[in-house]
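Q: Provided herewith is a single structure, encoded as structure tokens, for subsequent inquiry.
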Amino acid sequence: MRSFNGRDIVSLKDIERAEYMRIFEIADELAPIARNRNNDDLLSEKTLVTAFYQPSTRTRLATEAAMHRLGGRVVGFSDAKMTRAGDFYQESIKDTVKMLEYYGDVIAMRHFQQGAPMEAAKWASVPIINCGDGWGEHPTQVLTDLYTILKEKGTLDGLNFLCVGDGRMRTMHSMAHAITQFDIEANFVFPPDMGMTDEYVKFMESRNAQFHFADHVNKVIADADVIYMEPVVQPDYTMSRQEATEDKGLTPANYKITRELLRTKAKSDSIILHSLPRMDELPPDVDETRHSRYWPEAFNGVVMRMALLALVLGAME
Ligand code: CP
């Protein structure tokens, strides 16, 4: 297995099964720190730089919280408009990271341009963590999701996933990479105009992944051990920011998971994950059912970022 020390986490495409399992072991080791609301000193000599060119609640704050839990320092920006990348100069990724690499020891980046973190990784001498790039990937989220499933189900093998929502979403793309490393059968339910990019479908085919497409959750929910959700009422992820319009539209029944659907059709032990934020595809009355796991998923988001920071900064092997 390759060392994670100094490594960029920009895509799940090149993460192998043993590496996933090692990340999950490290997460297990560090989880008690977060669970007990303690702060450790594992990364007390290190600084995280957060470079967020697109809004975020969970990913930025979970990554920053993870650094604090491990005793590190955090600098960064959450609104590129207040930097030279977002004003008159439109400073390039290269010029920006050539500065940021001197301000800290690891850079966590979210960007509206697909591939921006990979471009940053080309120029930076410190590890880059992709915190979501346009319609590209969201590796730290999907690592969080897989870790949550492992904790809840005890395994990632032999499971059926129903992945429903916008197939262009970066989480769906990272999930497409991840399922190729486990004995997972996936049913994807995407609107016709929100299909998964061909590149990711071809990748799954090239790895003999077991996957199918369906047009309605009704048709496949009975098989699902894991229901993995994204909205279909979405902003344009290639924009730095999109304000809400009066009428955002509603989610068709094909892409909704309701309490009634769960009661009548789902396996009694199926679990629901949603990276959030949600729209009307997941009504709040599902929260109180035995299926919901998105709040433990949120806690695991901190634990997973602790594991990744400890690994790429060489504090754990
Ligand atoms: N899950 C997720 O990426 O949420 P944020 O956009 O709030 O970071």
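The values are calculated or read from the model by the stated rules, or taken from the named source; none is laboratory data. Being a predicted model, the structure only gives us computed values, none of them experimental. Neighbour counts are summed over all protein chains in view; Cβ atoms, including those assigned to glycine, are modelled from backbone coordinates with ideal geometry.
Q: In segment 23-40, is there at least one residue being touching a Gly at 6+ places or on another chain (Cβ under 7 Å) and without any contact (Cβ under 8 Å) to a residue 60 or more places away in the chain?
A: Yes, segment 23-40 contains at least one residue that is touching a Gly at 6+ places or on another chain (Cβ under 7 Å) and without any contact (Cβ under 8 Å) to a residue 60 or more places away in the chain.
Here is a yes/no grid of residues against (1) in contact with a Phe, Trp or Tyr (Cβ under 6 Å, 6 or more places away or on another chain); (2) modelled with pLDDT of 95 or more:
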position	(1), (2)
206	no, yes
210	no, yes
219	no, yes
226	yes, yes
234	no, no
249	no, no
256	no, yes
261	no, yes
277	no, yes
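Q: Right, another one. For segment 244-282, enumerate the residues that are within 16 Å of the ligand (Cβ to nearest atom) and of a type in the set (D, E, K, R).
A: 278, 281 - these are the residues of segment 244-282 that are within 16 Å of the ligand (Cβ to nearest atom) and of a type in the set (D, E, K, R).
Q: When you look at residue 57, is it under 20 Å from residue 12 (Cβ atoms) and within 13 Å of the ligand (Cβ to nearest atom), yes or no?
A: Answer is no for this residue.
Q: Here is a check on your reading of the model: is residue 14 within 18 Å of residue 141 (Cα to Cα) and at pLDDT 95 or above?
A: The answer is no for residue 14.
Q: Considering segment 248-266 alone, what residues qualify as being among the hydrophobic types (A, V, I, L, M, F, W, C) and over 17 Å from residue 194 (Cβ atoms)?
A: Listed by number, the residues that qualify are 261, 262, 266.
Q: Are there strands (runs of 3 or more DSSP E) fully within segment 11-113 with at least 1 residues that are among the hydroxyl-bearing types (Ser, Thr, Tyr) and on the phi < 0 side of the Ramachandran plot? List them.
A: 47-52
Q: Ok, one more. Given the condition basic (Lys, Arg) and under 20 Å from the mean Cα position of the chain (by Cα), answer yes or no: does some residue in segment 272-283 qualify?
A: Looking through segment 272-283, at least one residue is basic (Lys, Arg) and under 20 Å from the mean Cα position of the chain (by Cα).
Q: Looking at residue 95, is it more than 21 Å from residue 140 (Cβ to Cβ), exposed (fewer than 15 other Cβ atoms within 10 Å of the Cβ), more than 22 Å from the chain's Cα centre (by Cα) and at pLDDT 95 or above?
A: yes
Q: Then there's this: Might you let me know whether segment 128-136 holds any residue that is in the same structural domain as residue 232 (by TED's automatic domain parsing) and either under 25 Å from residue 31 (Cβ atoms) or without any contact (Cβ under 8 Å) to a residue 24 or more places away in the chain (or both)?
A: Within segment 128-136, none of the residues are in the same structural domain as residue 232 (by TED's automatic domain parsing) and either under 25 Å from residue 31 (Cβ atoms) or without any contact (Cβ under 8 Å) to a residue 24 or more places away in the chain (or both).
Q: Shifting gears a bit: Can you say whether residue 152 is farther than 19 Å from residue 277 by Cβ and among the acidic types (Asp, Glu), as far as the supplied structure shows?
A: For residue 152, the condition - farther than 19 Å from residue 277 by Cβ and among the acidic types (Asp, Glu) - is met.
Q: Just one of the numbered conditions (1) under 25 Å from residue 299 (Cβ atoms); (2) within 15 Å of the ligand (Cβ to nearest atom); (3) crowded, with 19+ Cβ neighbours inside 10 Å is not true of residue 78; which one?
A: (3)
Q: Return the total of residues in segment 111-148 being among the charged types (D, E, K, R) and closer than 27 Å to residue 159 by Cβ.
A: Result for segment 111-148: 2.
Q: Now a separate question. Looking for whichever is more than 30 Å from residue 243 (Cβ to Cβ), crowded, with 19+ Cβ neighbours inside 10 Å and away from the ligand (no atom under 16 Å from the Cβ) here; the options are 37, 69. Which one fits?
A: None of the others qualify; the one that does is 69.
Q: Inspect all residues belonging to segment 293-311 and state whether any of them is modelled with pLDDT under 95 and either more than 16 Å from the ligand (Cβ to nearest atom) or closer than 26 Å to residue 56 by Cα (or both).
A: Within segment 293-311, not a single residue is modelled with pLDDT under 95 and either more than 16 Å from the ligand (Cβ to nearest atom) or closer than 26 Å to residue 56 by Cα (or both).
Q: Applying the selection to segment 260-283, what residues are over 20 Å from residue 166 (Cα atoms) and either loosely packed, with under 15 Cβ neighbours inside 10 Å or of a type in the set (Phe, Trp, Tyr) (or both)?
A: Listed by number, the residues that qualify are 260, 263, 264, 268, 269.
Q: Could you list, in sequence order, the residues of segment 176-189 that are in contact (Cβ under 8 Å) with a residue 60 or more places away in the chain, in contact with a Phe, Trp or Tyr (Cβ under 7 Å, 6 or more places away or on another chain) and either among the aliphatic types (A, V, I, L, M) or over 15 Å from residue 16 (Cα atoms) (or both)?
A: Selection gives 189 alone.
Q: A further question on this structure: Can you pull out every residue in segment 120-156 that is in a strand (DSSP E or B) and either within 14 Å of the ligand (Cβ to nearest atom) or of a type outside the set (A, V, I, L, M) (or both)?
A: 129, 130, 131, 132, 133
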